[in-house]
Amino acid sequence: MELPDRVPGLTARAGITLRPWRLSEEDLDLVRQASRDDYIPAITTVPRPYTDAEGAAFVRRQWHRTETGRGYPFVIVAPGGRPVGSVGLWLKDLDRGRASLGYWMAGSGRGRGAASAALEAVAGWALHGLAVPRLELYVEPWNTASRRTAERAGFRREGVLRERMQIAGELRDMDLYSLLRGAPPEEDRAAEASALGRFGGTTGSH
């Protein structure tokens, strides 16, 4: 199928919505919060130290990823309209039948289930809206909160990949999680629910 050329708006459970990045004070403040985190800048392109120029460059990089067909970066928006995090769908290996996801949450948005709701919605859109056969994500074994987020969104742990990813200058082990479009219903319930009821058929422009 032809992939959309823009990041769509999606809706998720618990009043969470997802939208493209904007050059707005709210989104720049989200980047600013993330830049102060001990871990996020080490695993993403979030700048540290933060400046408004670097924050704007980060937002433009997200746009460029979609413009060049590399993926769909979403802002996670809490009820009331406050941006609290990001989730990205990355298409580097789409020709091999798979795509990957990554996500992060600012400290102010954690502990309320927003990350798992957002991940579930984007995964549902990818599997059933874009017909991606397999989704993967990688989590460091110590990162219990991120592992729980993946599991709540329906992902299953397949195993550990030794020295899989370079983080902060060193190769680290990563747990591999997956979610399959052709999985049995009991394994795929979260993604199916997202696809049928929450992304609203929005696969075009936003």
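Selection of the stretch 154-193 for residues being at pLDDT 95 or above, of a type in the set (A, V, I, L, M) and within 16 Å of ALA99 (Cα to Cα) yields LEU176, LEU179, LEU180.
For ALA57, the test of being small (Gly, Ala, Ser), within 25 Å of MET165 (Cα to Cα) and in a helix (DSSP H, G or I) is passed. Being assigned to a loop (DSSP other than H, G, I, E, B), touching a strand residue (DSSP E or B) at 6+ places or on another chain (Cβ under 9 Å) and among the acidic types (Asp, Glu) is not true of ASP29.
Only one entry of SER100, SER35, SER86 meets the criterion of being hydroxyl-bearing (Ser, Thr, Tyr), in contact with an Asp or Glu (Cβ under 6 Å, 6 or more places away or on another chain) and surrounded by 14 or more Cβ atoms within 10 Å (Cβ to Cβ), and that entry is SER100.
Name the residue, out of ARG70, ARG48, that is over 16 Å from the mean Cα position of the chain (by Cα) and farther than 18 Å from GLU26 by Cβ.
Result: ARG48 is the single residue among ARG70, ARG48 that is over 16 Å from the mean Cα position of the chain (by Cα) and farther than 18 Å from GLU26 by Cβ.
The values are calculated or read from the model by the stated rules, or taken from the named source; none is laboratory data. Computed from a prediction, not measured in an experiment: that's the story for all the values here. Using ideal geometry, Cβ is built from the backbone for each residue, glycine included, and neighbour counts are taken over all protein chains shown.
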